[in-house]
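Engineer: Before I ask anything, let me first share the structure, which is written out below as structure tokens.
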Amino acid sequence: MKLTKILNSAVLLEGRIEDVKQYFEKSVGSWPVAEPGNPAGIGSETNLDGVLKHFVQNDPSGNNKYLMWMVKMYLNPEERGTSPNDISSLVQRFNNNVTRLTPALMMDLGFANPRIVTSPKNIDSYEDLAQLERVMDEIDSIKTKKERDNSAKAGVDKLFEDDRWLLVKPNTHEGSCYYGSSTKWCTASTEETQHFDNYTKTGILFYIIDKSKDVGDFFKIALHKKWSGEEEWYDRADNELKQETEEAIRSLLPAGLVNELEKGFELVGSKRNRLLTLDEFRERLTEFMKNHKNLQTISSASGEWVWDLEVDVWTWTSTTNDAIFVQATPFWEGQNSIPFDSFSDEDVYGEGFTYIGATENDSVPQEQYLKPNIEGRFGSEDWGVRIFLRMIYLPLLRSVLDEDYFTGAVGEEYSTWSPNSYVSTFKFKYPPREGTMTQKFVDYLTNNPRKTSNQFYEEVLGYPRPRAHNNMFFSSIKDSGIVKMERQGRQFVYSLGPNYLAWKEGKLLRI
């Protein structure tokens, strides 16, 4: 995978971004930071580059079609003071409703401007935010109850219905709320969608409805069939049914409804056993990376690198030299590999493919992390993603970034360390804060090598060390290499370690 593979798809986007930058420059007179008193009237602290990035990231068209309009509104003196977020939110509403805009609607709303009447789906027809917001408010009010009901009903599969009984499988939160009305089910809460999402990720939801209401408060039953095969039955008040009540409800159900339930249970089994495709798994990986900031920076012998997503390509950029970056997209184009490419202004790091899951000797077999759901006490839909990132992708990426090519390209070489305990939070940035354990202990060892932790407590802190006190600190600072620990008779003594100088130079990174 070379960079040229993504250039064609990015030409249109880049062209529109460049047009907007030029428009900014002509309007404001400086780039990227606005000067005091500039014509945009947006203040001396405004970073126009940041404004542009916001609009690019929040343009819902997917190809920056609305980008110039948003920028023009932002710089329009009549709209001055409107936040970029308010503008992009309004454009999102326009994008969501654009198919509903018709010339007849514009005429009904009393617009005299022929441009808006004839081209209501062209955002450039709207001269200011007020015009567009008025139209969007009207669109929202026009949506009738019948339309809302039809939309909700479209979000479920109706599996069975007779004169008395109805069985549905909700696929959307809107559909769940419609058929779960008059219940206290969290999956039918109109204010919180995460419960419905969580239940449908861990199994299949069924709603059993007795239209006659002859069973009293049990006329609506929610049944959750987990991927593990476990069933949970809930009444209208969201109380889980006891076994005898569940069996009583089952005995009332018609054979056709029970047959449809059994088919749904078979679907659970088939989904449980199906492995994700590599493309499906990459989509999960990408979403997981977007939502976990702590994974978006990686430390290596060549320094720290920051993750970004560029047209579906995973890109890691050096924080020391942003002209150097690595593309490493797992399962690119459905291939069972990670292609590593690097580009800088002066050099190209060849094209290396690391094939994964291809041999029986891999530490983590693919069938472990390609499962849609990992079951067990700590299981979740994200478990396979975590396994792959922690045990395969990130170690492979770090091994590449540790290579001499990258330390030479960046011009710096760093020492790295990792704690033996996964619960350790110590990073040991230099210089340490005055008065911290790190500062006191390292200063003590600088002048007093081969001393025990008990001696440090008594001579520096002024009291005997309590048993196991600060064990995590002493273990982590030893793991970092800032200090080293050696046996001396029956005691362990500490001295400055092999990474002490790298730490003082600010070149010690935790991985």
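Engineer: Find which of Pro330, Trp185, Gln439 sits farthest along the positive direction of the dipole of the chain, computed with +1 on the beta-carbon of Lys and Arg, -1 on that of Asp and Glu, about the Cα centre.
Structural biologist: Of the listed residues, the answer is Gln439.
Engineer: How many angstrom lie between the C-alpha centres of the range 406-453 and the range 128-143?
Structural biologist: Using only Cα atoms, the two centres lie 58 Å from each other.
Engineer: Treating the beta-carbon of each Lys and Arg as +1 and of each Asp and Glu as -1, no other charges, what is the dipole magnitude of the range 206-261 about its Cα centre, to the nearest 20 debye?
Structural biologist: On the way: 8 positive and 13 negative charges, 45 e Å.
So the magnitude is around 220 debye.
Engineer: For Lys478, Lys371, what's the fewest-to-most ordering of other Cβ within 10 Å of each Cβ?
Structural biologist: Working: Lys478 18, Lys371 21.
Ordered from fewest to most neighbouring Cβ atoms within 10 Å, Lys478, Lys371 come out as Lys478, Lys371.
Engineer: Where does the charge balance sit around Asp279 when Lys and Arg score +1, Asp and Glu -1, over other residues with C-beta under 12 Å from its C-beta?
Structural biologist: Details: positive: Arg282, Arg284; negative: Glu280, Glu283, Asp312, Glu333.
Neighbour charge sum, excluding Asp279 itself: -2.
Engineer: Let me make sure I get this right: for the range 421-510, a, b and c are the square roots of the gyration tensor eigenvalues over alpha carbons, sorted descending. Under 1.5 in a/c it's rounded, otherwise prolate if a/b > b/c, else oblate. Which is it? Working shown, then result.
Structural biologist: Numbers: a/c = 1.43, a/b = 1.40, b/c = 1.02.
Note, shape of the range 421-510 comes out rounded.
Engineer: Sorted from fewest to most neighbouring beta carbons within 10 Å, what does the list Leu285, Leu109, Leu496 look like? Let's see the in-between values first.
Structural biologist: On the way: Leu285 21, Leu109 14, Leu496 17.
Final ranking by Cβ density, sparse to dense: Leu109, Leu496, Leu285.
Engineer: For the chain, what is the convex hull (Cα atoms) projected area averaged across all directions, in square nanometres?
Structural biologist: Details: hull surface 143.9 nm².
In nm², the orientation-averaged hull projection of the chain is 36.0.
Engineer: Before rounding to the nearest 500, sum -39500 (n - 2.57) across all DSSP H runs of length at least 4 in the chain and divide by the residue total; then give [θ] at 222 nm in deg cm²/dmol. It would help to have the intermediate numbers written out before the result.
Structural biologist: Details: 21 runs with 205 residues, N = 511.
Calculated mean residue ellipticity at 222 nm is -11500 deg cm²/dmol.
Engineer: How much net charge surrounds Thr446 when only other residues with a Cβ under 14 Å from its Cβ are counted (Lys, Arg +1; Asp, Glu -1)?
Structural biologist: Numbers: positive: Lys440, Arg450, Lys451, Lys484, Lys504; negative: Asp443, Glu459.
Charge balance in the 14 Å sphere: +3.
Engineer: Quick one: Tyr494, Tyr422, fewest Cβ neighbours within 10 Å first, how do they rank? Don't skip to the end; give the middle numbers.
Structural biologist: Working: Tyr494 25, Tyr422 6.
So the ranking, lowest neighbour count to highest, is Tyr422, Tyr494.
Engineer: Can you tally the net charge around Arg164? Count Lys and Arg as +1, Asp and Glu as -1, for every other residue whose Cβ sits under 11 Å from the Cβ of Arg164.
Structural biologist: Numbers: positive: Lys211, Lys213; negative: Glu161, Asp162, Asp163, Asp210, Asp214.
Charge balance near Arg164 sits at -3.
Engineer: Would you work out the charge dipole size for the chain about its Cα centre, treating the Cβ of every Lys and Arg as +1 and the Cβ of every Asp and Glu as -1, and quote it to the nearest 20 debye? Could the numbers behind the result be given before it?
Structural biologist: On the way: 60 positive and 77 negative charges, 296 e Å.
About 1420 debye.
Engineer: For the range 389-475, calculate the relative contact order in percent as a whole number, restricting contacts to Cα pairs under 8 Å that are 6 or more residues apart.
Structural biologist: Working: 22 pairs, mean separation 14.9, N = 87.
The value is 17 percent.
Engineer: Moving on to the next point. For Ser418, list long-range residues whose amide hydrogen, built 1.01 Å from N in the peptide plane, is under 5 Å from its own amide hydrogen.
Structural biologist: Ile511
Engineer: For the chain, what's the relative contact order in percent, using C-alpha pairs closer than 8 Å and at least 6 residues apart?
Structural biologist: Working: 697 pairs, mean separation 38.9, N = 511.
About 8 percent, as a whole number.
Engineer: About the Cα centre of the range 150-265, what is the dipole size in debye to 20, counting +1 per Lys and Arg Cβ and -1 per Asp and Glu Cβ, all else neutral?
Structural biologist: Working: 15 positive and 22 negative charges, 54 e Å.
So the dipole magnitude of the range 150-265 works out to roughly 260 debye.
Engineer: Using each residue's phi in the range 277-283, evaluate 6.51 cos²θ - 1.76 cosθ + 1.60 at θ = phi - 60° and report the 3J(HN,Hα) Karplus result to the nearest Hz, with x for Gly and Pro.
Structural biologist: Values, residue by residue: 6, 5, 5, 4, 5, 4, 4 Hz.
Engineer: Would you mind checking which residues have amide H under 5 Å from Val483's amide H? H placed 1.01 Å from N; only 5 or more apart, or other chain.
Structural biologist: The answer is Gly497.
Engineer: From Cα coordinates alone, what are the radius of gyration and Dmax values for the range 148-272 in angstrom?
Structural biologist: According to the Cα coordinates of the range 148-272, Rg and Dmax are 13.5, 38 Å.
No value in this document is a laboratory result; all are computed from the given coordinates. The model shown is predicted, which means the values in this text are computed figures rather than measured ones. No Cβ is skipped: glycine too gets one built from the backbone with ideal geometry, and neighbour counts run over all protein chains shown.
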